[in-house]
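Input: a single structure, listed below in structure tokens.
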Amino acid sequence: MSLLEFFKTKKKSSASTAKERLQIIVAHERSQRDQPDYLPALQRDLVAVISKYVPINDDMVSVSLDQNEDCAVLELNITLPEAEIAS
Amino acid sequence: MAEIIVVTSGKGGVGKTTTSAAIGTGLALKGHKTVIIDFDVGLRNLDLIMGCERRVVYDFVNVINGEANLNQALIKDKRVDKLNILPASQTRDKDALTLEGVQKVLDELKKTHDFIVCDSPAGIEKGAHMAMYFADRALVVTNPEVSSVRDSDRILGILQSKTLRAEKGEEPVTEHLLLTRYSPDRVERGEMLGVKDVEEILSIPLLGVIPESKAVLSASNQGQPVILDTETDAGQAYDDAVRRLLGEDVEHRFLNSAKKGLFSRMFGGR
Ligand SMILES: Nc1ncnc2c1ncn2[C@@H]1O[C@H](COP(=O)(O)OP(=O)(O)O)[C@@H](O)[C@H]1O
Ligand SMILES: [Mg+2]
């Protein structure tokens, strides 16, 4: 590596930061692309119902829908706080 | 069989209208009967870029509503023989365009044209939906900048699900990336996303790279599509893109900054 290149690459360029940020957000948005519009609302309602019994936050529930040829699977992931499991 | 090409992007101000004017004119110059339709209802601008703003009598919505026939509304370009322009309506009624109405007009245009270029409005709302719905091909106009790239990806998702081809389960809309307002020297300095970066993120085939160019403003000032300025970088880059669209294998140009001589490198050249 020449001295010039060394100085050029020393600091991460703003373009490469842009690229990394884009790769992450685009991948995330693509994974949500085929999801029905009601999923976020369903997730909010689920959190509300579960919170009646167990103290949980929004980010402890995740909902996703997988569609196959002849059936759709609604996958629900709820992380319960540790104390609740013990009791 | 006529082909419908939508020029779309999600984000505004990236160069859709500039591109529609250039590509449509280029296709006509190559001998294909072409019409460019302005879908930007309420914000008509293609007429200005094409220099026919004083010849608009009837518009797209008039034809849909049966207030004028196509021959009355189509504006024949004075420079290029096989080129027509169909201006947008300036109405504020956002329901002026309907899928049935648009389809009726497109079906009639198909009988007499080889290419129908649809200049989409920005956004992902009704206007953009109308412009892309019947498309066979999409030119996704993107600037090397984060919000434009993200919006282009959004538009790709919509092209794959909310078009007639998608709904009927036919061959999907053929997607092309057109990277515009590209500054090779800024890319070389690490200040701007490069063409490879954008291709990698969007993963659709590259149709062309249009450099950031003074020629574009100058052409729009004069009401002349930039592709007619054959001596300019942007004009030549659009011509290359048209030839690729028609299936020619043309090498990409304007991807590197102009080589600077020793003199300019020593004195004041960046
Ligand atoms: N390659 C380019 N170089 C310099 N300026 C450009 C280029 N392409 C577009 N522009 C400018 O960007 C602005 C927006 O272009 P326009 O085609 O109207 O975008 P859109 O239709 O996507 O809103 C205009 O001022 C135009 O002159
Ligand atoms: Mg426009």
> For residue B:237, what charge total do you get from the other residues with a beta carbon under 13 Å from its beta carbon, if Lys and Arg give +1 and Asp and Glu give -1?
Replying inline: -3
> Looking at segment B:27-118, which trypsin sites (Lys or Arg not before Pro) are DSSP coil and have at most 15 other C-beta atoms within 10 Å of their C-beta?
Replying inline: B:78, B:79, B:92, B:94
> In whole percent, what relative contact order does segment B:76-214 give with Cα contacts below 8 Å and a gap of six or more residues?
Replying inline: 19 percent
> When the Kirkwood hydrodynamic radius is evaluated over all pairs of different C-alpha atoms of segment B:117-259, what value in angstrom, to one decimal, is obtained?
Replying inline: 16.1 Å
> What percent does the relative contact order of segment B:22-121 come to when contacts are Cα pairs within less than 8 Å and at least six residues apart?
Replying inline: 43 percent
> Once the whole set of protein chains is in place, how much accessible area is left on residue A:28, using a 1.4 Å probe, in Å² to the nearest 10?
Replying inline: 90 Å²
> Name the residues of segment B:102-150 whose accessible area falls by at least 50 Å² when all protein chains are present instead of the chain alone, probe 1.4 Å?
Replying inline: B:146, B:150
> How far apart, in nm, are the 7 Å Cα→Cβ label points at residue A:33 and residue B:99?
Replying inline: 2.0 nm
> If you take the beta carbon distance between residue A:71 and residue B:107 as r and set R0 to 22 Å, what does 1/(1 + (r/R0)^6) give as a FRET efficiency, to the nearest 0.05?
Replying inline: 0.05
>> Along each principal axis of its Cα atoms, how long is chain B end to end? Whole angstroms, biggest number first, please.
In response: 66, 40, 35
>> Given contacts defined as C-alpha pairs under 8 Å and at least six residues apart, what's the relative contact order of segment A:12-87, whole-number percent?
In response: 20 percent
> Taking segment A:37-76 on its own, what percent of its Cα-Cα pair distances exceed 16 Å?
Replying inline: 40 percent
>> What does the buried accessible surface come to for B and A, summed over both chains, with the probe at 1.4 Å? Round to 100 Å².
In response: 1300 Å²
>> Quick check: pseudo-label points 7 Å beyond the Cα along Cα→Cβ at residue A:43 and residue B:164, how many nm apart are they?
In response: 3.6 nm
> Between residue B:72 and residue B:257, what is the label-to-label distance in nm when each label sits 7 Å out along the Cα-to-Cβ direction?
Replying inline: 5.6 nm
> Within the accessible area of the protein assembly as shown, what % is carbon and sulfur when the probe is 1.4 Å and the other protein chains stay in place?
Replying inline: 50 percent
>> At 20 °C and a viscosity of 1.002 mPa s, what translational diffusion coefficient does Stokes-Einstein give for the protein assembly as shown, taking Rh as the Kirkwood radius over Cα pairs? Give it in µm²/s as a whole number.
In response: 94 µm²/s
> Given a 1.4 Å probe and the protein chains all in place, what does the accessible area of residue B:98 round to, in Å² to the nearest 10?
Replying inline: 50 Å²
> If you roll a 1.4 Å probe over the heavy atoms of the protein chains, what accessible area per residue do you get for the protein assembly as shown, in Å²?
Replying inline: 55 Å²
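The values are calculated or read from the model by the stated rules, or taken from the named source; none is laboratory data. Small disclaimer: the values here were computed from a predicted structure and weren't measured. For neighbour counting, all protein chains shown are included, and Cβ atoms are generated from backbone atoms with ideal geometry for every residue, glycine included. Side chains are part of the model used for accessible areas, which takes the heavy atoms of the whole protein and leaves out ligands, DNA and RNA. Shrake-Rupley method; radii C 1.70, N 1.55, O 1.52, S 1.80 Å.
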